[in-house]
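The values are calculated or read from the model by the stated rules, or taken from the named source; none is laboratory data. This structure is a prediction, so every number in the text was calculated from the model and none was measured. Neighbour counts run over all protein chains shown; Cβ positions are idealised from the backbone, glycine included. Each accessible area value is taken on the protein alone, full model and side chains, heavy atoms only, with ligands, DNA and RNA left out. Shrake-Rupley method; radii C 1.70, N 1.55, O 1.52, S 1.80 Å.
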Amino acid sequence: MTENGDGARPGNRSPTMIAADGRAPKAPSVDREMCKEFNNALKLQQAARNAAGDSPYQPRPPSLSSKWKGNKMPVESVRARRLRSSQESLSDPLGSSTDSLKELGSTISEHNVAPPGTFRKRGSSLSECEGSPAAEPRSDCPEVRLRSARVRLSPVKPAPASLPALRHNFVSTALRAANRIDKDCSDYVARRSAERQLHRNLSESDAGSDSLSVNSMRSTSSVLSPIKPQEVRNRSFLEGGGLGSGALLGVEELKRYFPDRRLGVYVVTWNMQGEKGLPSNLDDLLLPTDSEYAQDFYIIGVQEGCPDRREWEMRLQECLGPHYVMLYAAAHGVLYLSAFIRRDLIWFCSEVEHATVTTRIISQIKTKGAVAVAFTFFGTSFLFITSHFTSGDAKVYERILDYNKIVEALALPKGLPDTNPYRSTSSDVTTRFDQVFWFGDFNFRLGYERASVESIIKSTSGDDMDALMEHDQLAKEMKDGSIFKGFQEANIHFLPTYKFDIGSDMYDTSTKQRTPSYTDRILFRTRYADDIHVLKYSSCSSIKTSDHRPVIGIYHVKLKAGRDTIPLGAGLFDRSLYLEGIKRRISREIKMREAMKNQSSVCAIS
């Protein structure tokens with residue numbers, strides 16, 4: 001037989017030789033006899049798989065033995081493994097799919113053979129692959145090429161681009177005194193979405209912030225929104241309306257805390273008759289059980305107050321608890337006016353101003369007159385007045401004089417800007433504020449005989465008091481326009497609050513036999529129509545330490561944005577009163593627990 005120029009026979013080249021063109025020789029060919037044995041082994045393996053019940057459509061590359069003995073390859077040496085998924089447990093005694101691939105790769109590279117089943121078409125059996133046109137060149141096996149041991153798995157379907165949105169029915173009004181979880185806070189969803197976008201920007205940006213800062217910004221456990229340094233640098237917040245983005249008293253902040261722009265105001269007026277003994281519990285007065293939510297402001301006006309004014313304020317703080325702080329307190333003799341505000345909202349309140357007026361001829365006697373406090377909350381100005389007018393059934397004219405003197409003499413506002421000077425007049429203090437509440441013991445009576453009044457009360461069904469209000473002096477004077485011009489009053493559906501025997505529900509049984517009357521009233525006035533909505537107007541019949549019953553009113557007041565030029569109060573409140581009130585609450589709770597423990601121990605012994 002003729003030899004080539006390099007001295008080797010055709011088809012039987014030495015693997016160590018280098019071709020004349022300098023390139024590496026081709027991979028050695030596998031003997032046809034060996035290829036037949038390999039195909040026979042694969043068929044035996046496929047038959048064993050079918051007998052075991054395995055699916056022929058699942059790609060399972062065999063694990064070949066490192067040594068073949070004789071002309072047979074034992075089927076036991078071929079390990080059929082199932083490639084379950086990439087998440088296969090590593091503790092599986094059969095091993096993971098990754099180990100199977102590694103073992104298969106090492107075996108194939110050792111014999112320089114690639115199993116045909118690895119590259120067969122998806123969904124085809126081994127016999128179909130051998131009979132397909134793509135497998136025809138392997139029938140005579142002139143040469144078996146080295147191939148990768150990577151198994152081609154079915155493509156994973158990608159997750160949908162956007163998941164369906166959750167129903168945000170758990171949103172809450174962040175700092176609303178209603179303290180409820182409802183759908184009123186429409187800005188919660190937008191705020192949370194903006195925070196999530198900010199977190200993504202922080203994590204994806206190349207800014208020089210460390211990982212700790214980014215992680216702290218990502219935290220969702222805090223109700224505080226993250227603030228960018230650029231926002232802190234920006235100082236042009238003078239306009240609180242539409243121009244000043246991020247202004248403290250602007251539209252954005254107002255919508256954040258009051259999405260519906262409604263502020264809850266709780267007003268109380270009570271003639272205490274100068275009694276030293278205070279009620280043991282003021283919860284019925286300030287936190288009645290028939291009210292669903294607490295309010296943002298608590299304004300308490302007292303006439304003929306108790307001798308210890310500080311003790312009275314301490315009791316109020318103890319009742320309202322740590323959620324409220326006393327914004328301001330003013331007094332004029334025995335007239336006390338205390339303003340409590342929800343602690344979270346104190347930063348949006350301006351400085352508080354107050355003024356007093358006496359209606360007595362002798363100014364040293366300060367039992368009749370008025371005391372008022374004024375402030376601005378966001379962009380809405382408030383005026384609260386409590387007063388005590390001249391007493392006596394027939395002294396209607398004197399009470400009208402008291403009213404006129406008060407509206408002319410109250411020097412407010414002093415430093416606060418007038419939010420609408422075009423509607424203000426110098427002769428009436430109530431025209432210089434957006435929202436005005438005037439409450440107290442006005443001493444207007446029912447101009448009717450006592451026997452007739454008692455007869456109407458007994459015959460009255462339910463809460464219909466129209467028959468009594470027909471004889472009310474104040475309602476008549478307001479209708480004539482001689483007093484409280486521009487003011488309104490909610491409909492009265494409670495019994496007369498004056499005059500009771502102390503400690504009982506009986507009207508005056510003394511020799512004077514005073515006629516039951518509505519002397520204690522709450523009136524309101526607003527610059528803009530429908531800005532004040534009445535929620536409740538009633539009396540507190542459970543407090544009987546005075547001959548007057550307290551009267552309470554709950555209102556929703558519409559707010560507007562303001563300017564940051566308003567002199568802010570900077571969060572000032574009576575800190576000592578706050579701490580003492582909290583201390584008293586703790587002591588009271590400890591005593592109640594001890595009493596319950598002692599009571600339970602006595603029951604156990606008996």
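Mind running the shape call on region 475-545? Use the C-alpha gyration tensor, a ≥ b ≥ c as the square roots of the eigenvalues: rounded below 1.5 for a/c, prolate if a/b tops b/c, oblate otherwise.
Values: a/c = 3.84, a/b = 1.83, b/c = 2.10.
It is oblate, given that a/c is not under 1.5 and a/b is not larger than b/c.
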Where region 505-559 is the region considered: accessible area per residue in Å², 1.4 Å probe: 38
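Pop out the carbon and sulfur fraction of the accessible area of region 391-546 as a percent, whole number, probe 1.4 Å. Write out the running numbers ahead of the final one.
On the way: 3660 of 7430 Å².
In region 391-546, the share of accessible area belonging to carbon and sulfur is 49 percent.
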Most to least packed among 569-581, 382-394 [average Cβ atoms within 10 Å]: 382-394, 569-581
Table column - 3J(HN,Hα) (Hz), region 565-573, Karplus curve with 6.51, -1.76, 1.60, x for Gly and Pro: 7, 5, x, 6, x, 6, x, 6, 7
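Rounded to the nearest whole Å², what accessible area per residue is found for region 449-504 with the 1.4 Å probe? Numbers along the way, then the final one.
Details: 3050 Å² over 56 residues.
Computed with neighbouring chains in place, this is 54 Å² per residue.
Let me check I've understood the local charge: for Lys276, count other residues with C-beta under 10 angstrom from its C-beta, Lys and Arg +1, Asp and Glu -1. What total comes out? Could you put the intermediate results ahead of the total?
Working: positive: none; negative: Glu275, Asp308, Glu311.
Neighbourhood net charge equals -3.
Kindly report the accessible area of region 312-441 per residue (heavy atoms of protein chains, probe 1.4 Å, no ligands, DNA or RNA), in Å². Mind dumping the intermediate values first?
Values: 4460 Å² over 130 residues.
With the other protein chains kept in place, region 312-441 gives 34 Å² per residue.
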